[in-house]
Amino acid sequence: MRTLTDAERAELYFRLWWSHDGQWFLKARDELGLERAMELNERSIESMGRIEMRELHRTLGAPEVTDAAGFLPMAAAVHELVGLPSKGEMDGPSAFTLGVHSCPVWPMTERAGLTESAPGCRGSLRRRLGWASVFFPVDSFRWTRTHGRPDGNPECGYRFELLST
């Protein structure tokens with residue numbers, strides 16, 4: 001371990017944690033069935049999204065988020081934090097789009113033989129729901145997956161929109 005840099009140790013730990021996630025999902029699928037395992041996974045991912053965003057917002061000492069323009073840099077930052085490089089741009093006064101360049105979950109989905117149900121893709125919207133719900137009531141916004149393939153060719157696109165109330 002002494003030969004590894006801090007960055008190499010962090011990367012190794014991150015890769016190992018991703019394997020834990022996949023193993024948990026497969027065990028839940030075996031025990032409860034695919035649909036129930038996916039539902040539990042999505043609920044967990046949404047909660048994890050809230051934790052990620054709260055901690056990142058606090059750690060960065062970022063300003064209060066009250067609108068889409070304020071949320072965009074936080075959404076881009078949390079994407080970077082979790083290893084999902086993205087590029088965002090405003091799409092009107094109350095919306096933005098994010099292009100996600102690669103997906104570390106898709107190779108795990110392929111290895112598990114779950115490409116037809118794509119649990120990673122289902123969970124990605126729930127994670128984003130968790131991120132946004134730190135700043136906005138759940139019924140005041142919408143995330144949509146706009147385009148792309150889970151393998152990143154072409155890249156996946158997501159749109160965040162604050163709804164009129």
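Computed from the coordinates by the stated procedures, all read-outs in this text should not be read as laboratory data. This structure is a prediction, so every number in the text was calculated from the model and none was measured. All Cβ positions, glycine included, derive from the backbone under ideal geometry; neighbour counts span all protein chains shown.
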In this structure, the FRET efficiency calculated for Arg122 and Arg2 from their beta-carbon separation, with R0 = 41 Å, to the nearest 0.05, is 0.50
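Relative contact order for region 46-162 using alpha-carbon pairs under 8 Å, separation at least 6, rounded to a whole percent? The partial results should precede the final answer.
Values: 180 pairs, mean separation 37.2, N = 117.
Relative contact order for region 46-162 comes out at 32 percent.
Neighbouring Cβ atoms within 10 Å as the yardstick, rank Met90, Met74 fewest first. Please list the in-between numbers first.
Values: Met90 12, Met74 20.
So the residues, fewest neighbours to most, are Met90, Met74.
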The set of residues whose placed amide H lies less than 5 Å from the amide H of Cys156, leaving out same-chain residues fewer than 5 positions away, is Val100, Arg149
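Using the reciprocal of the averaged 1/r over all distinct C-alpha pairs, how large is the Kirkwood radius of region 47-133 in Å? Kindly include the intermediate steps, with their values, before the conclusion.
Numbers: mean 1/r = 0.0721 Å⁻¹.
Kirkwood radius, region 47-133: 13.9 Å.
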Net charge (Lys, Arg +1; Asp, Glu -1) of residues whose beta-carbon lies under 15 Å from that of Ala62, Ala62 excluded, is -3
If unit charges are put on Cβ atoms (+1 for Lys and Arg, -1 for Asp and Glu) and the dipole of region 9-83 is taken about its Cα centre, the option from Ile45, Ala10, Gly22 lying farthest towards the positive end turns out to be Ala10
Counting only backbone N atoms under 15 Å from a point 7 Å out along Cα-to-Cβ of Ala10, the residues of region 59-81 in range are 59-60, 77-81
Quick numbers on region 1-52, Rg and Dmax over C-alpha atoms in Å, give 14.6, 43
Rounded to whole angstrom, the alpha-carbon centroid of region 84-102 lies from that of region 1-63 at a distance of 22 Å
Over the chain, the quotient of the Cα radius of gyration and 2.2 N^0.38 Å is 1.07
Under the helix-only model (-39500 (n - 2.57) for each DSSP H run of 4 or more, divided by the residues of the chain), the mean residue ellipticity at 222 nm, to 500 deg cm²/dmol, is -18500 deg cm²/dmol
Rounded to the nearest 10, the angle in degrees between the Cα long axis of helix 34-60 and the longest principal axis of the Cα atoms of the chain comes to 60 degrees
Plugging the Cβ-Cβ distance of Glu80 and Arg142 into 1/(1 + (r/R0)^6) at R0 = 25 Å yields, to the nearest 0.05, a FRET efficiency of 0.60
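In debye to the nearest 20, how big a dipole does the chain give about its Cα centre with +1 on each Lys and Arg Cβ and -1 on each Asp and Glu Cβ?
Numbers: 20 positive and 23 negative charges, 43 e Å.
Dipole size: approximately 200 debye.
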